[in-house]
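Below: one structure in structure tokens.
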Amino acid sequence: MNNTKATLVPMIKELESLFSKLNDKLFDGELETPVITIAPDTCRAFGWFTTWRAWKETDNKENDGYYEITITSDYLDRDPIDIAGTLLHEMVHLYNSMHNVKDCSRGGSYHNKNFKIAAEKHGLIVEKTKSYGFSSTTPTPETAEYLDSLNLKFDLYRPTPQKEQTIKKSSTRKYVCPVCGAIIRSTKPVRVICADCDVEFVEAV
């Protein structure tokens, strides 16, 4: 029996590497390195940021410790660009926390304008939702193009048995120019003409 994929180690390494690349590209390397974990969904979210330094060193308990970013295992079967977008969303929370900016209320669920401002400065498109404020984010076309170039891959996910999935698995659609191969992404169906090739983008399946 081949169990080469029966480990989270490669995916954790992928997320840690992605964090480092996004930190350098979009945050000028300013962010502290957090502990990145993968865990089952407990709050109907793609991921979350722990606002306190949840992890401590066993041999140096006086150290301030490390923040935590969690990516939920239930939704790791989404488009890798969307998973990367979730990581970037949580990195914005880390950025605000480091700058003592309060970007959420209502127990951390309602995203206020402080989050919107920081997210839009760091490669995300932000949309307001009825219940959770400015919580809906997707990578900008430029960010998505960069993420697509990284050839991200996540081999495992953990579906929750008998659980009604109330979150859409994929928040973006991918469109490709059939001539030059240029890629765009959108959160809704669109008809777009490639200015270079004068042909319509087609949705990738």
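A short reminder: the numbers here are calculations on the coordinates, not readings from a lab. Small disclaimer: the values here were computed from a predicted structure and weren't measured. Cβ coordinates were reconstructed from backbone atoms using ideal geometry, including for glycine residues, and neighbour counts include every protein chain displayed.
Using θ = phi - 60° and the Karplus form 6.51 cos²θ - 1.76 cosθ + 1.60, what ³J(HN,Hα) does each residue of the range 37-49 get, whole Hz, x for Gly and Pro?
After applying 6.51 cos²θ - 1.76 cosθ + 1.60, I find 10, 10, 8, x, 5, 10, 9, 6, 9, 6, x, 7, 10 Hz.
Also, quick follow-up: When only C-alpha pairs under 8 Å and at least 6 residues apart count, what is the relative contact order of the chain, in percent?
17 percent
Now, a different point. Can you tell which of 193, 184, 71 shows the greatest fluctuation in a Gaussian network model of the chain with Cα springs below 10 Å?
The residue with the greatest mean-square fluctuation here is 193.
Restricting to DSSP loop positions (anything but H, G, I, E, B) with no more than 15 other Cβ atoms inside 10 Å of their own Cβ, which trypsin sites (Lys or Arg not before Pro) remain in the range 105-163? Mind dumping the intermediate values first?
On the way: sites: 106, 113, 116, 121, 128, 130, 153, 163; in loops: 106, 130, 153, 163.
For trypsin sites (Lys or Arg not before Pro) across the range 105-163 that sit outside H, G, I, E and B with at most 15 neighbouring Cβ atoms in 10 Å, the list reads 106, 130, 153, 163.
Expressed in nm to one decimal, what extension gain is obtained for the pair residue 9 and residue 59 from 0.36 nm per residue of sequence separation less their Cα-Cα distance?
15.7 nm
Right, here's the next one. Hey, quick one: spin label on residue 132, modelled 7 Å out along Cα-Cβ, who in the range 32-59 has an amide N within reach, i.e. under 12 Å?
So the set is 42-49.
Using only the alpha carbons of the chain, what is the convex hull's orientation-averaged projected area in square nanometres? The partial results should precede the final answer.
On the way: hull surface 58.6 nm².
So the Cα hull casts an average projection of 14.7 nm².
Just want the answer: with Cβ charges of +1 for Lys and Arg and -1 for Asp and Glu, which residue in 26, 195, 134 is farthest toward the dipole's positive end in the chain?
134
While we're on this one: What is the dipole size for the chain, taken about its Cα centre, with +1 at each Lys and Arg Cβ and -1 at each Asp and Glu Cβ, in debye to the nearest 20?
Dipole magnitude for the chain comes out near 820 debye.
Across the range 103-120, in residue order, what do the Karplus-derived ³J(HN,Hα) couplings come to in whole Hz, using 6.51 cos²θ - 1.76 cosθ + 1.60 with θ = phi - 60° and x for Gly and Pro?
Listing the rounded values in order: 10, 9, 9, 6, x, x, 8, 8, 8, 8, 5, 4, 5, 4, 4, 5, 5, 5 Hz.
If you don't mind, there's one more thing I want to ask. To check you understand DSSP bridge types, tell me what percent of the beta bridges within the chain (both residues inside) are antiparallel, rounded to 5. Could you put the intermediate results ahead of the total?
On the way: 21 of 27 bridges.
In the chain, approximately 80 percent of DSSP beta bridges are antiparallel ones.
For the chain, what is the calculated [θ] at 222 nm in deg cm²/dmol (nearest 500), taking -39500 (n - 2.57) for each run of four or more DSSP H residues and dividing by its residue count?
-8500 deg cm²/dmol
Let me ask something additional. Might you report the magnitude of the Cβ-based charge dipole of the range 114-159 about its Cα centre, with Lys and Arg at +1 and Asp and Glu at -1, to the nearest 20 debye?
Here the range 114-159 has a charge dipole of around 320 debye.
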